[in-house]
Amino acid sequence: MNVPYYEEVEHTADCAIHVRGTDLASLFVNAARGMMSLIGAKAGEDGTRSYVIHLRSFDAESLLVDWLSELLYLSDRDGVLFDGFEIRRLEPNEIEAIVTGKPASEPEMHIKAVTFHNLEIKQTDGGYEATVVFDV
């Protein structure tokens, strides 16, 4: 059975995704893909943009929130929908990545913030998983 790398889950007031990855890097990439999917914008054909992201945080959960928050900020600021994620280095409290995206249409959903609400990265037999809640 092929398990999806993320799925939207019910949340009373906000929006949430449950995300999986075979390792920590794929968890971070899949969380980013899930968030971009929730935004619901459509990427254009031209003008690929690249960004280098280097972040340090207290722990893996804080790093995941910082990672998604940085992508959200860049997406909002520059009107870009990210679809390329190359994790160059990832440790539980540091990430270095190159992300690419294209100019996008107006988002269908405006995410205000990535939250820490019940956030816990869990190691499972299949890798890692977490549920990420977004303030909309």
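Do you know which of the residues in segment 30-61 that are part of a loop (DSSP other than H, G, I, E, B) and out of contact with any Lys or Arg (no Cβ under 9 Å at 6 or more places or on another chain) is surrounded by the most Cβ atoms within 10 Å (Cβ to Cβ)? First the steps, then the outcome.
Of all residues in segment 30-61, those part of a loop (DSSP other than H, G, I, E, B) come to 40-42, 44-48, 57-59.
Applying the additional criterion that residues be out of contact with any Lys or Arg (no Cβ under 9 Å at 6 or more places or on another chain) yields 40-42, 57-59.
Values: Gly40: 14, Ala41: 20, Lys42: 11, Ser57: 16, Phe58: 10, Asp59: 10.
Selected residue: Ala41.
Specify the residue that is surrounded by the fewest Cβ atoms within 10 Å (Cβ to Cβ); the eligible residues are those in segment 62-76 that are within 17 Å of Glu106 (Cα to Cα) and either in contact with a Gly (Cβ under 8 Å, 6 or more places away or on another chain) or at pLDDT 95 or above (or both).
Tyr73
For (1) small (Gly, Ala, Ser); (2) under 25 Å from Gln123 (Cα atoms), each residue gets a yes or a no:
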| site | (1), (2) |
| --- | --- |
| Ala25 | yes, yes |
| Phe28 | no, yes |
| Ala32 | yes, yes |
| Met36 | no, yes |
| Gly40 | yes, no |
| Glu45 | no, no |
| Asp59 | no, yes |
| Ser69 | yes, yes |
| Leu74 | no, no |
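The values are calculated or read from the model by the stated rules, or taken from the named source; none is laboratory data. Quick caveat, the model's predicted, so the values are computed rather than measured. Note that we place each Cβ from the backbone using ideal geometry, even for glycine, and neighbour counts take in every protein chain shown.
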